[in-house]
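Undergrad: Structure in structure tokens, see below.
Where a number appears in this text, it was derived from the coordinates with a stated rule and is not lab data. Source: prediction; values computed, not measured. Cβ placement follows ideal geometry from the backbone for every residue including glycine, while neighbour counts extend to all protein chains displayed.
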Amino acid sequence: MNAYDDALDAARAYLLEGAPGRLPALISQAVWDLHNGPSPVETEEDDPNPETRWPGFSAACDELRELLDDLPGSVYVDADSGCVTESRPECWACPECDGDGCNDCNHVGSFELETYYELTSARALGGAELAAYIS
């Protein structure tokens with residue numbers, strides 16, 4: 001895996017942590033439908049459980065849009081640490097030494113983000129193809 005794939009995995013895990021139970025199954029079904037062609041719409045007779053019943057691609061996209069409203073629009077993933085945040089990371093420089101390193105900052109001086117990824121929740125959860133339908 002490369003750094004971008006690792007960032008996608010970290011973002012996906014972060015977003016699914018508190019997500020409604022239906023979200024992972026609905027995304028999985030929608031991605032399958034998108035890549036393999038339409039699946040038959042299931043009725044209550046086919047699957048009595050509304051949490052796993054397939055509503056069809058268009059209805060699933062509508063439901064996914066609603067579920068995504070409860071998640072952050074974008075997340076930011078530090079490629080080095082895998083840390084995920086909901087706010088854009090900022091660089092930092094010690095005000096005492098202007099980033100050169102001193103006792104006040106434990107000789108760190110400054111912290112610059114070299115690589116972080118900004119990912120929309122739709123793209124992190126469903127990939128670029130599905131995100132085009134649900135964003």
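Undergrad: Cβ under 11 Å from R123's Cβ, R123 left aside: what net charge do those residues give with Lys, Arg +1 and Asp, Glu -1?
TA: Overall, the nearby charge balance is -1.
Undergrad: Scattering from the C-alpha atoms of segment 45-89 alone, worked out with Debye: what is log10 I(q)/I(0) at q = 0.17, 0.21, 0.31 1/Å?
TA: Normalising to I(0) and taking log10 leaves -0.67, -0.77, -1.07.
Undergrad: Tally Lys/Arg at +1 and Asp/Glu at -1 over every other residue whose Cβ is under 13 Å from the Cβ of A132; what's the total?
TA: +1
Undergrad: Additional query: Could you give each residue of segment 37-53 its phi-based ³J(HN,Hα) in whole Hz, using Karplus coefficients 6.51, -1.76, 1.60 with θ = phi - 60°, and x for Gly or Pro?
TA: Whole-Hz 3J(HN,Hα) from phi for segment 37-53: x, x, 9, x, 5, 9, 9, 4, 5, 5, 8, x, 8, x, 6, 10, 5.
Undergrad: Follow-up. Could you calculate the FRET efficiency of T115 with A25 from 1/(1 + (r/R0)^6), where r is the beta carbon distance between them and R0 is 30 Å, rounded to 0.05?
TA: 0.40
Undergrad: Work the Kirkwood hydrodynamic radius out for the chain: mean of 1/r over every pair of different alpha-carbon atoms, inverted, in Å.
TA: Answer for the chain: a Kirkwood hydrodynamic radius of 17.1 Å.
Undergrad: Let's see if you can work this out: charge +1 on each Lys and Arg Cβ, -1 on each Asp and Glu Cβ, no other charges. What is the dipole magnitude of segment 1-102 about its Cα centre, in debye to the nearest 20?
TA: So the magnitude is around 180 debye.
Undergrad: Around L71, which amide H atoms from residues at least 5 apart in sequence, or from another chain, sit under 5 Å from its own amide H, with H modelled in the peptide plane?
TA: none
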